[in-house]
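Engineer: Provided herewith is a single structure, encoded as structure tokens, for subsequent inquiry.
The values are calculated or read from the model by the stated rules, or taken from the named source; none is laboratory data. All figures in this text were calculated on a predicted structure; none of them were measured in a lab. Using ideal geometry, Cβ is built from the backbone for each residue, glycine included, and neighbour counts are taken over all protein chains shown. With ligands, DNA and RNA removed, areas are computed over all heavy atoms of the protein, side chains included. Shrake-Rupley method; radii C 1.70, N 1.55, O 1.52, S 1.80 Å.
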Amino acid sequence: MPDSLPSAGFAALELPVPILRALDQVGYETPTPIQLQSIPPLLQGRDLLGQAQTGTGKTAAFALPLLARLDLAVSAPPQLLVLTPTRELAIQVAEACATYARYLPGLRVLPLYGGKDYGSQLQALRRGVQVVVGTPGRIMDHLRRGTLRLAALQALVLDEPDEMLRMGFIDDAVMVGGMTRMPQL
Ligand code: AMP
């Protein structure tokens, strides 16, 4: 395979070259089934409800196409919001997004979760980020304080909504969804 065609399996899905380069570096060669099914419609900006077991590559299934659609020329307000039920998942998803976006110039990802001081979160929000990954409670806090604005949101992801439902987070998640201009599933 020529060097100019890294991760051909992903290239066939028409992901941008900087993302293909990052995938090549992390050693992803073949898209998993959920990635094959979700990347094309999400690249087209369509809504999607995906279901797959843990460990099947669902983070990349939504992150790769949604990162590919971001406008890197603007850094605020955020364009992509991912809600997760736990801080551990927020950190993990934010790290995955940062890895996949390594070669997207100027892209910034911010995890926002409870138990962490507001100071550093406010500083990062003020500096500007395109992607926020957070737990519903802390995201609602920032929305109520006016420190997070969703006016420019292009995509909203509810990661593990069954867990959010189980943990009683669903009211906050629905409220965050209602504050966006995203179509409701
Ligand atoms: P997830 O289901 O998103 O938690 O992903 C499970 C693991 O699979 C993570 O360690 C990912 O880095 C890895 N992974 C995701 N997609 C691929 C792929 N296409 N090829 C190889 N590894 C992958």
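Engineer: Within the bounds of region 63-78, is there any residue that is in contact with a Gly (Cβ under 8 Å, 6 or more places away or on another chain), within 15 Å of the ligand (Cβ to nearest atom) and modelled with pLDDT of 95 or more?
Structural biologist: The answer is no; no qualifying residue exists.
Engineer: Somewhere in region 90-101, is a residue in a loop (DSSP other than H, G, I, E, B), farther than 24 Å from residue 143 by Cβ and within 13 Å of the ligand (Cβ to nearest atom)?
Structural biologist: No.
Engineer: Now, a different point. Name every residue in region 52-84 that is in a loop (DSSP other than H, G, I, E, B), in contact with a Ser or Thr (Cβ under 7 Å, 6 or more places away or on another chain) and open to solvent by less than 20 Å² (accessible area, probe 1.4 Å), in order of residue number.
Structural biologist: 84
Engineer: For region 106-176, which strands (runs of 3 or more DSSP E) that fit wholly inside it have 2 or more residues that are open to solvent by 20 Å² or more (accessible area, probe 1.4 Å) and without any contact (Cβ under 8 Å) to a residue 60 or more places away in the chain?
Structural biologist: 109-112
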